[in-house]
Structures are given as structure tokens and as C-alpha cells.
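A short write-up of the structure that comes next.
Read the figures in this text as sums done on the coordinates, not as results from a lab. It should be emphasised that the depicted structure is a prediction, and the values quoted were computed from it without experimental measurement. Note that we place each Cβ from the backbone using ideal geometry, even for glycine, and neighbour counts take in every protein chain shown.
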Amino acid sequence: MKIKKTYKYALSSALYLTILSITFAVLSYLLLFKYLGFVTVVIFGLLLFVISFFVIQYRAEHFIYQRIKKLYENISILDVNDLKRKKVTTDVEALTKTVQEYVEGKSEEIAHLTQRDSFRRDFLGNVAHELKTPLFTVQGYILTLMEGAADDEEIRTKYLERANKGVERLTSIIKDLDMIAKLETEGMKMNIETFNILELIQNVFDLFEMKAKKRGIKLLFDRVYEFPFFVKGDMERIEQVLINLVVNSIKYGKVGGITTVSIENYNSRKFIIKVTDNGEGIKQEHLSRLFERFYRVDQSRSREQGGSGLGLSIVKHIIEAHGETILLKSKFGEGSEFSFTLEKAV
């Protein structure tokens with residue numbers, strides 16, 4: 001019959017103590033009691049008690065440590081290198097808590113890795129899907145031209161222009177992919193300077209005035225600002241944020257509508273810049289995911305409008321790299337408001 005490991009431990013410990021006791025008895029009789037007296041025997045007994053205590057403690061720790069070590073070796077989510085002998089005690093509750101902490105830590109790590117793997121698969125699928133449409137479009141026009149359509153000057157010009165638009169979209173996607181990869185792996189080096197945010201907003205308005213006119217959309221400030229508003233930040237990156245937000249308001253705003261930009265005090269140290277449109281708005285279920293890479297509220301309409309699907313994700317990265325906050329409020333059918341904070345220049 002197989003003997004329980006606890007019995008083996010108890011038997012071996014009992015054997016050690018028996019040997020010690022017999023040795024003590026013999027020595028007591030032959031040396032101590034006969035020649036040195038009763039007091040010395042008591043002292044020797046206390047010494048035996050102390051030695052016995054440490055023997056039992058050591059044996060208990062050794063037994064439990066070996067059992068837990070075996071557990072770590074057998075369970076894949078536990079790393080035996082994480083197990084420290086000094087943490088092993090005879091307190092089973094403390095041991096259980098220690099092992100539970102290890103298990104929870106490793107479980108969280110596995111969940112994180114699983115989430116990252118799922119995210120990676122989704123990301124690769126989205127990239128392939130985004131690249132496929134413009135690639136096939138360009139390929140289709142080129143093949144048509146190669147099959148004889150190039151002989152017709154009008155068709156040749158039209159198809160080349162359409163192929164060029166496909167290439168431009170591919171370039172945009174690849175450029176944004178490269179940027180977001182750098183933001184997420186290398187971080188972002190910020191060139192912090194003081195600048196007038198009003199002037200920067202006006203530059204973005206001027207840049208996209210013609211694009212807005214094509215949809216009958218007006219780009220306006222919410223009021224007349226008599227004095228400049230100086231902020232601290234990376235001017236080039238903040239311009240990129242404004243461009244993305246203003247372009248989105250033009251793309252998805254109502255035809256003949258208005259895009260308004262306002263600047264307000266957020267607190268004593270910060271301004272909040274708001275970009276508001278009176279377009280179709282966003283349904284509540286989409287709001288929490290809008291800053292995810294490639295997330296689109298309306299897949300067909302978004303692709304008609306162009307873009308890489310990474311704009312808002314890049315915006316979020318830039319604002320967070322400044323240590324600031326980006327906010328979104330939207331009501332379906334009434335419009336959206338994107339806002340972000342910036343530090344005031346004192």
C-alpha cells in the first residue's frame with residue numbers, strides 16, 4: 001500500500017526526534033545527572049527543546065517547499081523560478097494566499113496575451129481588408145488600360161485619374177499605419193513650445209476651406225476672439241489633431257451645415273478646444289469604440305468618404321502623449337462634439 005506523503009514526513013520527523021531523545025537520555029544518565037547535577041540536566045533539556053523546534057520547523061518547511069515546488073513544475077501557468085523558499089512557512093493559509101497570488105498574476109498575464117493575440121488577428125484582418133479595396137481598384141483600371149482601353153485618350157485619362165485616387169488612398173493608409181506603429185512602439189518625441197491656438201485653428205480652416213465649400217459647410221469660430229490664446233504643446237502634432245477633427249466634421253457633417261470651433265477655460269491651468277458639427281451624430285453604442293483602429297460606424301459610407309480609418313486613433317495617441325484628455329459627446333441626428341484639453345502658457 002502506498003504511504004501518504006504526510007505520513008512519511010511524520011514518520012521521518014518522529015525518527016529524528018526519537019534518536020535525539022535516546023541520545024539525550026543516555027548522555028543524561030552517563031554524564032550529566034551522574035556528574036553535573038539536576039540543574040545541568042534541565043538546561044540540557046531546554047537545549048533539546050530548542051534543537052527539536054528547529055528540526056521540526058526545518059522539516060516542515062522542507063516538506064511543504066518540495067510539495068509546492070512539485071506543484072509549480074506540474075502546472076503550466078506557474079513558474080518554479082518565482083517560488084522563493086523564504087516565503088514557505090507552516091502557515092497553510094499564508095501559503096494558499098501566496099500560491100493564489102501567483103496564479104492570479106499568471107492568469108492575468110495569460111488573459112492579456114490572449115487579448116493581444118486576438119487584437120493582432122483583428123488588426124491584420126482589418127489591414128488586409130482596407131488595403132484590398134484600393135489595390136483591386138487600381139489593378140482593375142490598369143488591366144483595362146492594358147487590354148486596349150489606353151488607345152482611347154478620354155478613357156485613358158479617366159482611368160488613370162481613378163487609379164491615382166486608389167494609389168493615394170493606399171499611400172494614406174500606409175502612412176497612417178507607419179505613424180500609429182511608431183506611436184505604440186517607440187512612443188512620441190514631443191517638441192513642446194508656446195503658440196497661439198487661435199492662429200493654428202485659422203490655418204486649418206484656410207487649408208480646408210475649398211473642401212468644406214464643396215459640401216456647403218461653413219467653418220467658423222463660435223465667437224469673435226479679441227485676444228490670442230497661448231498654449232503649450234507640440235504645434236505640428238496639435239495641427240494634425242485639428243486637421244483630423246475638422247476633416248471628419250466635413251466628411252460626416254450635414255450638407256449645408258456648420259463646423260464650429262470654440263476655446264474655453266477647462267480649469268485654472270488648461271483650455272478645452274471643442275470641434276462641433278450639426279451632422280448626423282453617432283449612436284450611443286458606437287461611442288466607446290470610436291477611437292479604436294479601423295473602427296467605422298458605417299462601413300460603406302466611411303469607405304466612400306475615403307481615409308485610412310486610423311485618424312481618430314492617431315488623434316487619441318497625440319493628445320494622450322501630451323498628458324491631456326480627449327472627450328466625445330454626440331447625439332444621433334443632431335451632431336457631434338470632439339474636444340481636447342491643452343495646457344495654458346503662463
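Residues in the stretch 260-269 carry Karplus couplings, in order, of 10, 10, 10, 10, 9, 6, 8, 7, 5, 10 Hz; the curve used is 6.51 cos²θ - 1.76 cosθ + 1.60 with θ = phi - 60°, and Gly or Pro positions show x. Close amide-amide hydrogen proximity is noted between D234 and E193, each under 5 Å apart and 5 or more residues distant or on a separate chain (H modeled in the peptide plane; Pro and chain starts excluded). For the stretch 139-227, trypsin sites (Lys or Arg not before Pro) are listed when DSSP marks them as loop and at most 11 other Cβ atoms sit within 10 Å of their Cβ; the list is K189, R223.
Checking the Cα-Cα distances for K254/K283; K175/K329; K158/K214; K175/K218 against a 18 Å cut-off, the pairs over it are K175/K329; K158/K214; K175/K218. Between the amide H of I258 and those of K218, N278, distances stay under 5 Å, these residues lying 5 or more places away or on another chain, with hydrogens modeled in the peptide plane. Using only the Cα atoms, work out Rg/Rh for the stretch 143-279, with Rh taken as the Kirkwood radius, to two decimals. Result for the stretch 143-279 is an Rg/Rh of 1.11. Our compactness index for the stretch 193-344, the C-alpha radius of gyration over the empirical 2.2 N^0.38 Å, is 0.99. Mind giving me the FRET efficiency for M146 and R223? R0 is 56 Å, r the Cβ-Cβ distance, nearest 0.05 is fine. Step by step, r from the Cβ atoms, then E = 0.45.
Between the amide H of I282 and those of K331, F332, G333, G335, distances stay under 5 Å, these residues lying 5 or more places away or on another chain, with hydrogens modeled in the peptide plane. When the GluC sites (Glu not before Pro) in the stretch 220-291 are filtered for DSSP coil states and for at most 16 other beta-carbon atoms within 10 Å of their beta-carbon, the remaining sites are E226.
Between N164 and E320, full extension at 0.36 nm per residue minus the direct alpha carbon distance yields a gain of 52.7 nm.
Computed 3J(HN,Hα) for the stretch 144-154, one whole-Hz value per residue from the Karplus formula 6.51 cos²θ - 1.76 cosθ + 1.60 where θ = phi - 60°, is 4, 5, 5, 7, x, 5, 5, 5, 8, 4, 5, glycine and proline marked x. Taking each residue as 0.36 nm, the span from E101 to R269 lengthens on full extension beyond its C-alpha to C-alpha distance by 56.3 nm. Site pair Q202 and E236 shows an inter-label distance of 2.4 nm when each label is modelled 7 Å from Cα along Cα→Cβ.
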